[in-house]
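Visitor: Structure provided below as structure tokens; questions to follow.
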Amino acid sequence: MSAMTFALKHRPAQRVDMSPLVCQRLEGLDPADIAAIELINGKRKIRVDALFSISGSDAQHIVIANSFAKLDFIGRELQGGQITVQGSAGAYLGMAMQGGVIKVSQDAGMFAACEMKNGYLQIDGNAGDFLGAALPGNKQGMKGGTVLVKGDVGARAGDHMRRGNILIEGDAGDYCGSRMTAGTIAVMGQTGRYPGYAMRRGTLLLWRQPMLSAGFNDCGAHTLSFLPILFASFRGLDSRFADAGEAFNRVRRYGGDMAELGRGEVLVRI
Amino acid sequence: MLIKLTGGTVYDPANGVDGKKRDIYIQDGRIVSRPQDVQVDQEYDLRGKVVMAGAIDMHTHIGGGKGNIARILLPEDHRADPVVRTAVTRSGSGHAMPSTLVTGYRYAEMGYTAGFEPAVLPVNARQAHMEMADIPILDKGGYVLLGSGDYLLRMMTAKKDQQAINDYVAWTLHAAKGIAIKVVNAGGISAFKFNQRKLDLDEKNSHYEVTPRQILQTLATAVKELGITHPLHVHGCNLGVPGNVETTLDTMQGIGGLPMHLTHIQFHSYGTEGDFKFSSGGAQIAEAINRHKNITADVGQILFGQTVTASGDNMRQHANHQFANPNKWVCMDIECDAGCGVVPFKYRDQNFVNALQWAIGLEIYLLVDDPWRVFLTTDHPNGAPFTSYPHLIRLLMDRSFRNDMLATIHPEAQKMTTLGSIDREYTLNEIAIMTRAGVAKIIGLQDRGALSPGNWADITVYSDDPDREKMFARPDYVFKDGELVVRDGQVVKVTWGTTHIVKPDWDPGIEKDLQKYFDRYLTMKLGNFKISDDEFTEDGRGSLTVQPTRGGAL
């Protein structure tokens, strides 16, 4: 069986809600039924076959070919299987996904991995603002799973994050890890202003010295034996995070944000 | 254009009609007597259907800043409940605090044709009216909030005479375009700003040295002397505090026979007995209402589920913020005028306190004898969204359904209520009183709430169904000002209602002192504070309707 492939025929002017096209909802459907699914496109509805040419039959591996930045909600609430996006993804990529794998060959829009519960999400390009965050008004962001971004991410990555790992090979924008309750965000590149803003607990693991606000206290240099174990867990990833040369166990530790609970930590490689 | 509604079973308590077959004629938006020699243009066969006037919600938070704060605080409330447009209606969203258009559609689809916003802060009145102007179909009006404002409390500290206070009350009603006067936690909203965290009926505001009892008496007297039909609309002290039943009884007693309306009285009927030090004062309150003929009340029933509480009572909302669910809340100060608190709540049937609150509300409904003096509300959205009214009506009309529900709530709460032993079932006529005739009478709406010739034709037609929830959720027809706006529970035409106000007289000399006060203390100029009539009508769809005051003067 070959992967079920949805190749975009033309780029619509308005955004498309892709949430019906996830493995568990397509499993067992006839090709005609899949073709007839209606997607919300701006204020109208459009049939799947009006937007995509469909081939292949394996609903457990979906490929979205010629994808671009207006295809929102790809992999929403995905429970298992794999979605491969060839091109860029729009906003809310992998929102509330519960399992499975999503891989994007280019960029993702805002709110990627928003309120993600489990599974693995890999973005080979950049990600927008609010990566792994909570929806506006909600109190809990990403709750589990792993997100890997090979490029840069926008502001507020991990806002209200609760559990899981966000791994960023490039730079992070302002307010990285804001309002975190728990979980780990690792950034190899530069972080923007106010990292860890109002974080309660959780860990920011940084390769470069951040510009920390006054709410963080320097707790000195430490050798932390859990770090090699953490890096070992990244070994299977297709990423620089798997590279033994990038691992370290010696860090300077900052505690904060004292404007909040203050039990979060920023660990900086030394 | 003459419309004939043929053969419906009419419940029109204002005219003493209790389930009689009647024909109703509508001409030019109004109900008319059977006309001679005029051709009927359109006839609706209503044989076997139940016909009532359009329902009126006397206490529903549908306008003003707190609604928008709740919307901003709870985007998930709107995300989870999208409403798509139809050929005649526009899109919107929201469950606990719906968007304005959806508010109007949903009310109309339940047979409601008017709703009154009970907490219009004078300084924010323009926004409240503009927001309500965006609610389709319904007639609306606002109760102007006084009783914690700096100017009034200064007057009382200075022992100004009643006449001066009457002038200020009438002037404020005029400036803010209200139909009645509301007091929220008299003096308490102000006391909160001076760091008092509770204020009993006879406790002095630490800055102004006046007590809630004095404020209530002063304002109730003003309302009476100005000839305003609706009694002083009172949200009492100590909302939600166990033991507040004593305060509420004292409030009734202490008003000295002046007319007074106690709103969402369920929240003010709590005792301190039992293992959990929380018990029902429902029977005592109902008995007191039965005894004091000057007192009217609406219940503010809670129903289980997610909602949001929005109130001017920042003192009590601040105290209750620890129960916020989801855990986020807002309290704010509104200039020298008032305050505001928005706290989301999830009432749960397996929570002892919530379950007993539910039972207390129903006890009060069922133990107050006179349906002309108790009104159907959930204090939308504070006890539950208004969309739960059909469910509430079924609880009142259907004893076995009520007892089935009672059997599912927290077992300790079941032991603490007499609800199971109450046999009363409301009749259709009594429901028509507490949602139509009685409401129109107590607010002072001259030509609404009854099916008398000459009245505006606000008419709701239901299919009689033993499941009263189903029946009241989906009327067959709703007419607003003689136009068919809802058919089979769906809006078929969007119209725009009027805004009801009163215009009691006052001495214009009062503006001299107010001018100085505004210039010195407020961010708004006196000239901007006053809302002009044009602001209601200039968009081409709003209008003002002046209801008479008792002195006869307009």
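Visitor: Can you work out ³J(HN,Hα) from phi for every residue in region B:22-27, in order, using Karplus 6.51 cos²θ - 1.76 cosθ + 1.60 and θ = phi - 60°, giving whole Hz and x for Gly and Pro?
Guide: Computed from phi, the couplings for region B:22-27 are 9, 9, 10, 10, 10, 9 Hz.
Visitor: Distance between Cα centroids, region B:307-335 to region B:8-61: provide it in whole Å.
Guide: Region B:307-335 and region B:8-61 have Cα centres spaced 43 Å from each other.
Visitor: Kirkwood Rh, the protein assembly as shown, all Cα pairs: how many Å?
Guide: Details: mean 1/r = 0.0336 Å⁻¹.
For the protein assembly as shown, inverting the mean 1/r across all distinct Cα pairs yields 29.7 Å.
Visitor: Tell me which residues come under 5 Å, amide H to amide H, from residue B:234 once H is placed; ignore anything under 5 positions away on its chain.
Guide: B:183, B:261, B:262, B:263
Visitor: Taking a threshold of 19 Å on the Cα-Cα distance, which of the pairs B:159/B:293; B:160/B:525; B:4/B:470; B:182/B:277; B:198/B:346; B:140/B:177 fall above it? Could the numbers behind the result be given before it?
Guide: Details: B:159/B:293 30 Å; B:160/B:525 24 Å; B:4/B:470 26 Å; B:182/B:277 31 Å; B:198/B:346 24 Å; B:140/B:177 11 Å.
Flagged as over cut-off: B:159/B:293; B:160/B:525; B:4/B:470; B:182/B:277; B:198/B:346.
Visitor: Using the Kirkwood radius over C-alpha pairs as Rh, can you work out the diffusion coefficient of chain B via Stokes-Einstein at 10 °C, viscosity 1.306 mPa s, in µm² per second? Please report the intermediate quantities before stating the final value.
Guide: Details: Rh = 23.6 Å.
Translational diffusion coefficient: 67 µm²/s.
Visitor: Residues of region A:126-163 that become at least 20 Å² less accessible with every protein chain present than in their own chain isolated, using 1.4 Å: which are they?
Guide: Output list: A:135, A:136, A:137, A:138, A:139.
Visitor: Additional query: Relative contact order for chain B using alpha-carbon pairs under 8 Å, separation at least 6, rounded to a whole percent?
Guide: Working: 1331 pairs, mean separation 108.6, N = 554.
Relative contact order for chain B comes out at 20 percent.
Visitor: Still on this structure: Pairs of alpha-carbon atoms within less than 8 angstrom and 6+ residues apart define the contacts here; what relative contact order does chain A have, in percent? Could the numbers behind the result be given before it?
Guide: Working: 880 pairs, mean separation 27.1, N = 270.
The value is 10 percent.
Visitor: Residues in region B:192-213 near a label at residue B:521, defined as backbone nitrogen under 12 Å from the 7 Å Cα→Cβ point?
Guide: Flagged as within label range: B:208.
Visitor: Separate question: Calculate, axis by axis, the spread of Cα positions in region A:1-78 along the three principal axes, and write the results as whole Å, longest axis first.
Guide: 33, 22, 21
Visitor: Solvent-accessible area of residue B:192, probe 1.4 Å, all protein chains present, reported in Å² to the nearest ten, please.
Guide: It works out to around 30 Å².
Visitor: Nearest 0.05, what FRET efficiency do residue B:467 and residue A:258 give at R0 = 45 Å with Cβ-Cβ as r? Provide the component values of the computation, followed by the final result.
Guide: Values: r = 58 Å, r/R0 = 1.30.
So, using R0 = 45 Å, E works out to roughly 0.15.
Visitor: A follow-up question, please. Step through the residues of region A:165-178 one at a time and calculate ³J(HN,Hα) from phi using the Karplus curve (6.51 cos²θ - 1.76 cosθ + 1.60, θ = phi - 60°), rounding each to whole Hz and writing x for Gly and Pro.
Guide: Values per residue, Gly and Pro as x: 10, 10, 10, 10, 7, x, 8, 10, x, 5, 6, 5, x, 5 Hz.
Visitor: Could you give the radius of gyration (one decimal) and Dmax (whole number) of the Cα atoms in chain A, in Å?
Guide: For chain A, the Cα radius of gyration and maximum Cα-Cα distance read 19.3, 63 Å.
Visitor: If you don't mind, there's one more thing I want to ask. Quick check: net charge around residue A:117, other residues with Cβ under 14 Å of its Cβ, Lys/Arg +1 and Asp/Glu -1? Write down the numbers at each step before the final one.
Guide: Working: positive: A:76, A:143, A:162, A:163; negative: A:77, A:115.
Surrounding charge for residue A:117 is +2.
Visitor: For residue A:61, list long-range residues whose amide hydrogen, built 1.01 Å from N in the peptide plane, is under 5 Å from its own amide hydrogen.
Guide: For residue A:61, the qualifying residues are A:4, A:82.
Visitor: Here's something else I'd like to know. From the P(r) of region A:110-269, can you give the percent of Cα pairs sitting at distances over 20 Å?
Guide: Working: 5301 of 12720 pairs.
Here the tail beyond 20 Å accounts for 42 percent of pairs.
Visitor: Then there is this: Set the Förster radius R0 to 35 Å, insert the Cβ-Cβ distance between residue B:273 and residue B:404 as r into 1/(1 + (r/R0)^6), and round the FRET efficiency to 0.05.
Guide: Values: r = 26 Å, r/R0 = 0.76.
That pair, residue B:273 with residue B:404, gives E of 0.85.
Visitor: Let me ask something else about it. Rounded to the nearest 10 Å², what accessible area does residue B:171 show when all protein chains are kept and the probe is 1.4 Å?
Guide: 0
Visitor: With just the Cα atoms defining each centre, how far is region A:193-255 from region A:153-180? Give it in Å.
Guide: 13
Visitor: Taking each full run of DSSP H in chain B as one helix, which ones are at least 18 Å long along their axis (Cα atoms) and have mean Kyte-Doolittle hydropathy of at least -0.5?
Guide: Details: long enough: B:162-176 (21 Å, -0.03); B:212-225 (19 Å, -0.14); B:352-367 (22 Å, 1.36).
Answer set is B:162-176, B:212-225, B:352-367.
Visitor: Given points 7 Å out from each Cα along the Cα-Cβ axis, report the residue A:237 to residue A:224 separation in nanometres with one decimal.
Guide: In this crude label model, residue A:237 to residue A:224 measures out at 1.5 nm.
Visitor: Could you put B:237, B:336 in order of accessible surface area, largest first, with the 1.4 Å probe and the full protein assembly present? Intermediate results must be reported in sequence, preceding the final value.
Guide: Working: B:237 5, B:336 45 Å².
The ranking, largest first, comes out as B:336, B:237.
Visitor: Please state the equivalent ellipsoid semi-axes for region B:247-404: what are the square roots of 5 times the Cα gyration tensor eigenvalues, largest first, in whole Å? Kindly include the intermediate steps, with their values, before the conclusion.
Guide: On the way: eigenvalues 116, 89, 46 Å².
After diagonalising the Cα gyration tensor, the semi-axes are 24, 21, 15 Å.
Visitor: Sticking with this structure for a sec: Please arrange B:268, A:61, B:207 by accessible surface area, largest first, computed with a 1.4 Å probe and ligands excluded.
Guide: Working: B:268 5, A:61 55, B:207 105 Å².
If we order B:268, A:61, B:207 from most to least accessible, we get B:207, A:61, B:268.
Visitor: Let me ask something else about it. With every protein chain in place, what's the accessible area of residue B:21 (1.4 Å probe, Å², nearest 10)?
Guide: For residue B:21, solvent-accessible area is about 140 Å².
Visitor: Can you list the lysines whose alpha carbon sits under 27 Å from that of residue A:9, skipping same-chain ones fewer than 8 residues off?
Guide: List returned: A:43, A:45, A:70, A:103.
Visitor: Right, something else. Taking Cα centroids, how far is region B:161-182 from region B:503-554 in Å?
Guide: Distance between centres, Cα-based: 9 Å.
Visitor: So what J values fall out for region B:368-376 if you push phi through Karplus, 6.51 cos²θ - 1.76 cosθ + 1.60 with θ = phi - 60°, rounded to Hz, Gly and Pro as x?
Guide: Along region B:368-376, the couplings run 7, 6, 9, x, 6, 10, 9, 10, 7 Hz.
The values are calculated or read from the model by the stated rules, or taken from the named source; none is laboratory data. Here the structure is a predicted model, which is why all the values come from computation and not from measurement. Every residue, glycine among them, receives a Cβ derived from its backbone with ideal geometry; neighbour counts consider all protein chains shown. Just the protein is used for accessible areas: all its heavy atoms, side chains included, with ligands, DNA and RNA removed. Shrake-Rupley method; radii C 1.70, N 1.55, O 1.52, S 1.80 Å.
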